[in-house]
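Q: This is the structure, below, for whatever I ask next.
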Amino acid sequence: MNGIIPLWKPKGMTSHDCVMKMRGILRTKKVGHTGTLDPDVEGVLPMCVGMATKISSYVTESEKVYKATVTIGKATETEDQTGAVIEESVVEDIHLSDIKNVLKSFTGTITQIPPMYSAVRVDGKRLYEYAREGIEVERPERTVQIYDIALTSDEVSYNDGTASFTINITCSKGTYIRTLCVDIGKALGYPAHMSSLVRTASGSFTAKESFTFEQIEQSRDEGNLDQLFQPLERGIKHLGQLQIEQGKEDQVYHGMVFPKPSRLPETNPFGMVNEEGKLLAIYQIHPTKPHLIKPVRVFQYE
């Protein structure tokens, strides 16, 4: 089995839990996920199986799409709905125009400080471990890209002194949506937290084509697992491609270094494909010999 199954991750499971369950369903150890989702978050989590595990890091690098609910008026220690409330401010009315203007200000390159309840390591220890011990540490800033952010509707819900609205976000890998929601609240002048989150797309994989564990198990029992797999090419759709000349496939399989062609894909690394568009390898410009291109991953199909 080689390929990618777009899993619809359920709430209550970590990404690692999903890997372990998938290994049991498929009866293979060669399974890897493509980007951590918190246990309370559901959504698209492409699972790489077999040889596709070689491209899991590239799938992880692709952009993500989320649907999040921002609740202003209350801030929590975890920046989401699971944490204890640490700050409150009554929201009586908020103008849609103000929300839209604030959202526009977050489009493009932004800087974030990871939340204390996150898996980022500082001095060899994860931030959530410090948080559980009540220790506040300096957190490294990170730069992320917000490609698009917009309201899903023109409705704001009011409840018990808070106001909530739902947004769609298309962003780069590593974006903390919890922190984004908190920062949106600050820009509106209120404490805030993320009260719900769903990942609706990961790279080229969407919610509509994702499968639940129950559907995957049913396909296994019916002998139709092959129908769930997407080819490796889908996982690197965000990378450019270079087509190898006919008759040189074996050279690619043997890890041949080639002269850099005059025309290269815009991305580095990029996929090396044959005339049928089948992915043979991942290549990049040679790090010390820029007139050459060298393989990073090679895929030997059975």
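The values are calculated or read from the model by the stated rules, or taken from the named source; none is laboratory data. Computed from a predicted model, the values in this text were never measured in an experiment. Positions of Cβ are backbone-derived with ideal geometry, glycine not excepted, and every protein chain shown enters the neighbour counts.
Q: Being part of a helix (DSSP H, G or I), among the small types (Gly, Ala, Ser) and either touching a Phe, Trp or Tyr at 6+ places or on another chain (Cβ under 7 Å) or surrounded by fewer than 18 Cβ atoms within 10 Å (Cβ to Cβ) (or both) narrows it down to one of GLY24, GLY12, so name that one.
A: From the options GLY24, GLY12, the qualifying one is GLY24.
Q: Okay, moving on. If you check GLU79, GLU61, which single one turns out to be among the charged types (D, E, K, R) and within 18 Å of VAL182 (Cα to Cα)?
A: From the options GLU79, GLU61, the qualifying one is GLU79.
Q: Further, regarding this structure: Can you tell me how many residues within the range 285-302 are surrounded by 13 or more Cβ atoms within 10 Å (Cβ to Cβ) and farther than 17 Å from HIS254 by Cβ?
A: Of the residues in that region, 1 qualify.
Q: Look through the range 152-196, keep the residues that are charged (D, E, K, R) and without any contact (Cβ under 8 Å) to a residue 40 or more places away in the chain, and return whichever of them is surrounded by the fewest Cβ atoms within 10 Å (Cβ to Cβ).
A: The residue in question is ASP160.
Q: Only one of (1) farther than 25 Å from LEU127 by Cα; (2) touching a residue at least 12 places away in the same chain (Cβ under 8 Å); (3) surrounded by fewer than 14 Cβ atoms within 10 Å (Cβ to Cβ) fails for LYS29. Which number is that?
A: Tallying (1) farther than 25 Å from LEU127 by Cα; (2) touching a residue at least 12 places away in the same chain (Cβ under 8 Å); (3) surrounded by fewer than 14 Cβ atoms within 10 Å (Cβ to Cβ), LYS29 fails exactly one: (2).
Q: On to the next question. Quick one: would you say GLN300 is in a loop (DSSP other than H, G, I, E, B), touching a Phe, Trp or Tyr at 6+ places or on another chain (Cβ under 7 Å) and not hydrophobic (A, V, I, L, M, F, W, C)?
A: Here the answer is yes, as GLN300 does meet what is asked.
Q: Determine whether ALA75 is under 19 Å from the mean Cα position of the chain (by Cα), closer than 30 Å to GLY12 by Cα and crowded, with 17+ Cβ neighbours inside 10 Å.
A: no
Q: Working only within the range 61-108, note down all residues that are of a type in the set (Lys, Arg) and under 19 Å from VAL41 (Cα atoms).
A: Those that are of a type in the set (Lys, Arg) and under 19 Å from VAL41 (Cα atoms): LYS64, LYS67.
Q: Let me ask something else about it. Taking strands (runs of 3 or more DSSP E) that do not extend beyond the range 75-194, which have at least 1 residues that are touching a Phe, Trp or Tyr at 6+ places or on another chain (Cβ under 7 Å) and at pLDDT 95 or above?
A: 142-151, 162-171
Q: Which of the residues belonging to the range 43-67 are under 18 Å from CYS18 (Cα atoms), of a type outside the set (A, V, I, L, M) and assigned to a strand (DSSP E or B)?
A: GLY43, PRO46, CYS48, listed by residue number.
Q: Take the residues in the range 197-215 that are of a type in the set (S, T, N, Q) and surrounded by fewer than 20 Cβ atoms within 10 Å (Cβ to Cβ), then tell me which one is farthest from ILE4 (Cα to Cα).
A: THR200
Q: Looking at (1) under 20 Å from ILE55 (Cα atoms); (2) of a type outside the set (Ser, Thr, Tyr); (3) at pLDDT 95 or above, can you tell me which one PRO231 breaks?
A: (3)
Q: Let me confirm something: among VAL122, VAL102, VAL44, which residue is aliphatic (A, V, I, L, M) and in contact with a strand residue (DSSP E or B) (Cβ under 8 Å, 6 or more places away or on another chain)?
A: After ruling out the rest, the residue left standing is VAL44.
Q: With respect to the numbered conditions (1) more than 14 Å from VAL198 (Cα to Cα); (2) surrounded by 18 or more Cβ atoms within 10 Å (Cβ to Cβ), which one is the sole condition not fulfilled by VAL44?
A: Among (1) more than 14 Å from VAL198 (Cα to Cα); (2) surrounded by 18 or more Cβ atoms within 10 Å (Cβ to Cβ), VAL44 violates only (1).
Q: I'd like the full set of residues that are small (Gly, Ala, Ser) and touching a residue at least 60 places away in the same chain (Cβ under 8 Å), limited to the range 209-223.
A: Passing the criteria: only SER210.
Q: Further question: Report, by residue number, each residue of the range 264-283 that is aliphatic (A, V, I, L, M) and loosely packed, with under 14 Cβ neighbours inside 10 Å.
A: If the condition is that a residue be aliphatic (A, V, I, L, M) and loosely packed, with under 14 Cβ neighbours inside 10 Å, then no residue fits.
Q: Would the range 55-63 turn up any residue that is in contact with a Phe, Trp or Tyr (Cβ under 8 Å, 6 or more places away or on another chain), polar (S, T, N, Q) and closer than 30 Å to LYS237 by Cβ?
A: Scanning the range 55-63, I find no residue that is in contact with a Phe, Trp or Tyr (Cβ under 8 Å, 6 or more places away or on another chain), polar (S, T, N, Q) and closer than 30 Å to LYS237 by Cβ, so the answer is no.
Q: Within the range 273-292, how many residues turn out to be touching a Leu at 6+ places or on another chain (Cβ under 8 Å) and farther than 17 Å from GLY50 by Cα?
A: Count: 5.
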